[in-house]
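Only one structure is covered here, and it is reproduced in the block below.
The values are calculated or read from the model by the stated rules, or taken from the named source; none is laboratory data. Being a predicted model, the structure only gives us computed values, none of them experimental. Cβ: placed from backbone, ideal geometry, glycine included. Neighbour counts: every protein chain shown.
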Amino acid sequence: MIFIFGFGHQTESDSGIREELYCPSCRRNAIIKIIIIKKWITFFFLPVFSYSKKRFRVCESCGYSAEMQKE
C-alpha cells in the first residue's frame, strides 16, 4: 500500500480587513489589506492540517507586502 504525504502546499485568504495606512513603497496613505497565508500537510494531495500561519499587510495601490509581527 502506498501513502503519499506532502507539505508546503499553501493557501492565501483575504481577511476582509482594510485600513488606510502609510505605505513605505508608495510613500503615501493607501488602502492596506490583510491577507493570511497558511502552509498545509497534505495526504493524497488533500490539505489535512495547517502547520504555519502568517499574516501580511498588502498595499492595494502598489502591491508592496510586509509580514505582520505577532502580538
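In this structure, does Ile35 turn out to be assigned to a strand (DSSP E or B) and either more than 13 Å from the chain's Cα centre (by Cα) or surrounded by 15 or more Cβ atoms within 10 Å (Cβ to Cβ) (or both)?
Numbers: assigned to a strand (DSSP E or B): yes; either more than 13 Å from the chain's Cα centre (by Cα) or surrounded by 15 or more Cβ atoms within 10 Å (Cβ to Cβ) (or both): yes.
Yes.
Can you say whether Tyr22 is hydroxyl-bearing (Ser, Thr, Tyr), within 30 Å of Ile2 (Cβ to Cβ) and surrounded by 10 or more Cβ atoms within 10 Å (Cβ to Cβ), as far as the supplied structure shows? Criteria not met by Tyr22.
Determine, yes or no, whether Phe56 is touching a residue at least 12 places away in the same chain (Cβ under 8 Å) and out of contact with any strand residue (DSSP E or B) (no Cβ under 8 Å at 6 or more places or on another chain). Spell out how you get there, then give the answer.
Working: touching a residue at least 12 places away in the same chain (Cβ under 8 Å): yes; out of contact with any strand residue (DSSP E or B) (no Cβ under 8 Å at 6 or more places or on another chain): no.
The answer is no for Phe56.
Quick test of your reading of the structure: Lys53 fulfils all but one of (1) more than 30 Å from Ile2 (Cα to Cα); (2) under 9 Å from the mean Cα position of the chain (by Cα). Name the failing condition by number. (1) is the only condition that Lys53 fails.
Among the criteria (1) of a type in the set (Ser, Thr, Tyr); (2) surrounded by 13 or more Cβ atoms within 10 Å (Cβ to Cβ); (3) within 16 Å of the chain's Cα centre (by Cα), the one Ser61 does not fulfil is (3).
Count, please, the residues in the stretch 1-19 that happen to be among the charged types (D, E, K, R), under 13 Å from the mean Cα position of the chain (by Cα) and surrounded by 11 or more Cβ atoms within 10 Å (Cβ to Cβ). Quick ask: steps written out before the conclusion?
Initially, the stretch 1-19 is screened for residues among the charged types (D, E, K, R), giving 12, 14, 18-19.
Of the ones still in play, those that are also under 13 Å from the mean Cα position of the chain (by Cα) are 12, 14.
Among the residues that remain, those that are also surrounded by 11 or more Cβ atoms within 10 Å (Cβ to Cβ) are: 14.
The number of residues fulfilling the criteria is 1.
Arg27 fulfils the conditions (1) at pLDDT 85 or above; (2) under 18 Å from the mean Cα position of the chain (by Cα) except for a single criterion, (2).
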